[in-house]
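Worksheet: one structure, shown below.
The values are calculated or read from the model by the stated rules, or taken from the named source; none is laboratory data. Here the structure is a predicted model, which means the values were calculated and not measured. Glycine gets a Cβ as well: all are built from the backbone with ideal geometry, and neighbour counts include every protein chain shown. Surface areas here come from the heavy atoms of the whole protein model, side chains and all, with no ligands, DNA or RNA. Shrake-Rupley method; radii C 1.70, N 1.55, O 1.52, S 1.80 Å.
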Amino acid sequence: MNIRDIEAAVSAIEDGYIQEAGKAIGGQERPERSLSYRLQRSFPRRMRIAAACLAGVLFLSASSLLAAVAAGSMPAYEILYALYPETAKRLTPVQISCEDNGIRMEVEAVYVHADTAEIYLSMQDLTEERIDETVDLFDSYSLHSSRDSIGTCSLVDFDPESGKAVFLVQVKHMNGEKIEGQKLTFSVSEFLTGKQRVEQELPEIDLSRMEEKTELQTNVTRRGSSGMEMEKVEEEQQKGFLRPDADQTFSPVDGVTVTAYGWVDGRLHIQVHYTDILNTDNHGYVYLKDGQGNAVSCFGSVAFWDEEKSGSYQEYFFEVEPEMITAGWSVWGYFSTCSELVEGDWRVTFPIEETKPLQ
């Protein structure tokens, strides 16, 4: 079956089968969000994603297609196998869901192999548009199993037509024991949405006119430090950190404010404040570009709380001396921010069962 055959098959799916499929997965779709409409609108994108994720990633449309197959739709059966023939044989439809705060979380399907289970689940806003392609579970999810196991969760797709975000949860037993035949509980308490990532020059900082900073602060509550040269980072910590300077303060994006910058004993310090990090996960980093456009990274940084202990300062250290600065040097920032935190209590418990291959 080639691309045109599949497109023709999508168009040929009868409305009756689509309605039956919708009932089978527990939803009532608007006409513009029907199976055939979504597939026709998103088919090229689905094919690209399927090619990249065929080894173990199931798409949201798979559960709808499986329901259509159960309803007797041969075109749907052919499409399913054309998209991911091997994975399709091992999918177990689940369709267990819960709702809170106007948002449904649903386990769509499970693929079990040996000591590993791959769970495909979705989240859909039923009342507003709080879920988008940037949705982030913000490490608020939990996996509860009767055995010692490790798990990960990652966003793999967002369907703008249905408004569903789809996540792949991978669970693996640590002792190699088969995972089939057990139950798993997956829960989420909050997620972030409206995230944006911005990389831009910070022209407000003129490296050629940087001043020496002598009044430093040492009485801070440090959150942590990082870097490739931790001995040098420790040296800068011992010296102290910049005091926020109103004359140097500016905000490149909402939730991020550059609060101070200058030389400290021959090394460059740049300080940035990230607002409300516990609820927004605002973060980023700062780097330089030399006169030839080459990136110059900091050798390390230290983060410490603000007075309210809701936002965080991060001070970046550079092994750059004043005499090194020539024409063309610039300061750049990469920042990730979020506009909304959505809270709720979503929890589903479902069996981990291995399916028999479809015939």
Q | Approximate spin-label separation Met324-Ile96, in nm, with each point projected 7 Å along Cα-to-Cβ | A | 5.7 nm
Q: Calculate the spin-label point distance for Glu234 paired with Thr221, positioning each point 7 Å from the Cα along the beta-carbon direction, and give it in nanometres.
A: 2.5 nm
Q. If His273, His283 are ordered by their accessible area, calculated over protein heavy atoms with a 1.4 Å probe, which sequence runs from highest to lowest?
A. His283, His273
Q | Glu319 long-range amide H proximity, modeled H, under 5 Å | A | Phe299
Q: Assign unit charges at the C-beta atoms only (+1 for Lys and Arg, -1 for Asp and Glu), then state the dipole size of the stretch 237-359 relative to its Cα centre in Debye, rounded to the nearest 20.
A: 280 debye
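Calculate, for Leu155 and Asp254, the FRET efficiency according to 1/(1 + (r/R0)^6) with r their C-beta to C-beta distance and R0 22 Å; round to the nearest 0.05.
Numbers: r = 23 Å, r/R0 = 1.03.
Between Leu155 and Asp254 the formula returns 0.45.
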Q: Using a 1.4 Å probe and ignoring any ligands, DNA or RNA, find the accessible area of Thr337 and quote it in Å² to the nearest 10.
A: 10 Å²
Q) What is the dipole size for the stretch 104-249, taken about its Cα centre, with +1 at each Lys and Arg Cβ and -1 at each Asp and Glu Cβ, in debye to the nearest 20? A) 700 debye
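With a 1.4 Å probe and all protein chains kept in place, how do Ser122, Ser149 rank by accessible area, largest first?
Values: Ser122 5, Ser149 40 Å².
So, going from the largest accessible area down, we get Ser149, Ser122.
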Q.
Please list log₁₀ I(q)/I(0) at q = 0.10, 0.15, 0.22, 0.24 Å⁻¹ for the stretch 195-276, using the Debye equation with identical point scatterers on the alpha-carbon positions.
A. -0.27, -0.63, -1.25, -1.37
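Determine the alpha carbon to alpha carbon distance for each of Lys172/Lys195; Lys232/Lys289; Lys239/Lys309; Lys195/Lys309; Lys289/Lys309 and list only those over 26 Å.
Table pairs above 26 Å Cα-Cα are Lys172/Lys195; Lys289/Lys309.
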Q: Using a 1.4 angstrom probe, figure out how much accessible area the stretch 192-244 has per residue, in square angstrom, rounded to the nearest whole.
A: 67 Å²
Q: Compute the normalised compactness of the stretch 122-209: alpha-carbon radius of gyration over 2.2 N^0.38 Å, N being the residue count.
A: 1.58
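Taking the Cα centre of the stretch 151-236 as origin, sum charge times position over the Cβ atoms of Lys and Arg (+1) and Asp and Glu (-1), and report the length of that vector in debye to the nearest 20.
About 720 debye.
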**Q.** Net charge contributed by nearby residues that have their C-beta within less than 14 Å of Thr214 (K/R +1, D/E -1)
**A.** -1
Q: Under 1.5 on a/c is rounded, so check that first for the stretch 285-350, then, if it is not, pick prolate when a/b is larger than b/c and oblate when it is not; a ≥ b ≥ c are the square roots of the alpha carbon gyration tensor eigenvalues.
A: prolate
Q. How many percent of the accessible area of the stretch 244-296 is carbon or sulfur, using a 1.4 Å probe?
A. 45 percent
Q: Between Trp305 and Arg209, with labels modelled 7 Å along Cα→Cβ, what's the label distance in nm to one decimal, could you check?
A: 3.8 nm
Q) Ordering Cys338, Cys298 from largest to smallest accessible area (1.4 angstrom probe), what's the sequence? A) Cys298, Cys338
(Q) What number comes out for accessible area per residue over the stretch 258-359 if the probe is 1.4 Å? Units Å², please. (A) 44 Å²
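Given Cα positions, please report Rg to Rh for the stretch 161-213, the hydrodynamic radius being the Kirkwood one.
Numbers: Rg = 23.7 Å, Rh = 18.0 Å.
When Rh is taken as the Kirkwood radius, the ratio is 1.32.
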